[in-house]
Amino acid sequence: MDRPRQLIECGDFVLRRWRGQNDFAPAHQLIEESLDHLRPWESWVARHSAKNTRDFLAASESKWASGEVYNYAIAKDGTLLGMCQTYRGAEPQGRHLGYWLHPAATGRGIATAATAALVKEMFTLPDVEYLEITHDASNASSAAIPRRLGFTEVRREPGSPPTAPSCSGTDVVWRLNRPAPP
């Protein structure tokens, strides 16, 4: 099975594969400092704990090995700025993308650049025909990224419970198909 690179250069920051429990302290701090920023949009924040961070890092190892999920830390000069990931969709030729940033890293194009790098990397894998990004209809910041990267809105559907406080309960799904060869 082909795999994406474990380290992806993105100009002045990198996407790097999580390093298991070696990343516990910086990952936990990143989440702790981002809770208020994420709480309106991410339901998992209500269950955040040190144990859940450890479990996330352990699962990242096994899910990378299986190809189910490729989780990356977004880092600049050793400091974590956020996270992004790609995971298998319902169809084997599709993958979903997700991302979030520390509040101090927002508004600088980092999420867009990180997602663009992950898109490029995923399309190097022969079995990936399309990528999708899903976000709540009320989350304008998340909507800007697929729009900037040339994704097309393909559907709106009821969100999966539980929903976070600011969520409308309607998910917007965007898709980008593998570019045709030149």
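Which trypsin sites (Lys or Arg not before Pro) from segment 31-85 combine a DSSP loop assignment with at most 11 other Cβ atoms within 10 Å?
Answer by residue number: there is no such site.
Report, to two decimal places, the Cα Rg of segment 40-109 normalised by 2.2 N^0.38 Å (N = number of residues).
1.22
Can you run the Rg to Rh ratio on segment 30-70? Use alpha carbon positions and the Kirkwood inverse-distance Rh.
1.05
Could you order D127, D171, D23, D55 by accessible surface area, starting with the largest, using a probe radius of 1.4 Å?
Putting D127, D171, D23, D55 in descending order of accessible area: D127, D55, D171, D23.
Taking the alpha carbon gyration tensor of the chain, what are the square roots of 5 times its eigenvalues, largest first, to the nearest whole Å?
Value: 23, 21, 16 Å, ordered largest first.
Rolling a 1.4 angstrom probe over the protein heavy atoms, how many square angstrom per residue are accessible across segment 32-167?
49
What dipole magnitude, in Debye to the nearest 20, does the chain give about its Cα centre under +1 on Lys/Arg Cβ and -1 on Asp/Glu Cβ?
140
Considering only protein heavy atoms and a probe of 1.4 Å, how much of the accessible area of segment 29-78 is carbon and sulfur, as a whole percent?
Here it works out to 49 percent.
Using bins 5 angstrom wide from zero, how does P(r) for segment 1-76 break down, in % of all Cα pairs?
Bins of 5 Å from zero give 3, 15, 22, 23, 21, 12, 3, 0 percent of pairs.
Using a probe of 1.4 angstrom, how much of the accessible area of segment 97-149 is carbon and sulfur, in percent?
54
The values are calculated or read from the model by the stated rules, or taken from the named source; none is laboratory data. These numbers were taken from a predicted model, which means no experiment stands behind them. No Cβ is skipped: glycine too gets one built from the backbone with ideal geometry, and neighbour counts run over all protein chains shown. To get the accessible areas, we keep the full protein, side chains included, count just its heavy atoms, and leave off ligands, DNA and RNA. Shrake-Rupley method; radii C 1.70, N 1.55, O 1.52, S 1.80 Å.
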